Amino acid sequence: MSRYVQVATPALHGLDVVAEGLAAMGLSVQRERRRVMLEGSVECSGEPVDLRLPAGTLDTVEDFGFVQGPEGLQLVCGELDRALLEERLLPPLQAVVAEQKLRGAAERAGMEIESTTEADGRRRLVVRRRG
């Protein structure tokens, strides 16, 4: 039986930050003023989320999303998609969010960031004083 599960995302803080990170990754996000329901499947009913991404995103079987609750920000996804999203969504999203935070901090400190992509695909960020 497939059901929705919640996955803790301790490295991610705030729905706005996650929505910006998902958009930077080129992923389509549905965000309303109030929670939206995941569609569910034949085997389970939907769950409420604050940010929703459609089924098929990153080759998922079911739609998924993020919810902000007392335990912090959680990924809500189908059991069948959990391993895929823990591998293909969360690490790149955490990297994008970290880079966004670094860029914001550098800007506020009057510094600039030079970024390059290594041959193996890793991004390298160098923070320098302006001028």
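The values are calculated or read from the model by the stated rules, or taken from the named source; none is laboratory data. All figures in this text were calculated on a predicted structure; none of them were measured in a lab. No Cβ is skipped: glycine too gets one built from the backbone with ideal geometry, and neighbour counts run over all protein chains shown. These area figures cover heavy atoms from the full protein model, side chains too; ligands, DNA and RNA do not enter into them. Shrake-Rupley method; radii C 1.70, N 1.55, O 1.52, S 1.80 Å.
Descriptive notes on the structure:
- Glu47 open to solvent by 40 Å² or more (accessible area, probe 1.4 Å), more than 27 Å from Arg123 (Cβ to Cβ) and touching a Phe, Trp or Tyr at 6+ places or on another chain (Cβ under 8 Å): yes
- Here Leu85, Leu58, Leu93, Leu27 are screened, and the one residue that is in contact (Cβ under 8 Å) with a residue 60 or more places away in the chain, among the hydrophobic types (A, V, I, L, M, F, W, C) and over 16 Å from Val5 (Cα atoms) is Leu93.
- Restricted to region 62-87, and to residues there that are in contact with a Ser or Thr (Cβ under 9 Å, 6 or more places away or on another chain) and assigned to a helix (DSSP H, G or I), the residue that is surrounded by the most Cβ atoms within 10 Å (Cβ to Cβ) is Asp81.
- Any chance Val127 is in contact (Cβ under 8 Å) with a residue 24 or more places away in the chain and part of a helix (DSSP H, G or I): no
- Scanning region 100-119 for residues that are assigned to a loop (DSSP other than H, G, I, E, B) and open to solvent by less than 100 Å² (accessible area, probe 1.4 Å) yields Ala109, Gly110, Glu118.
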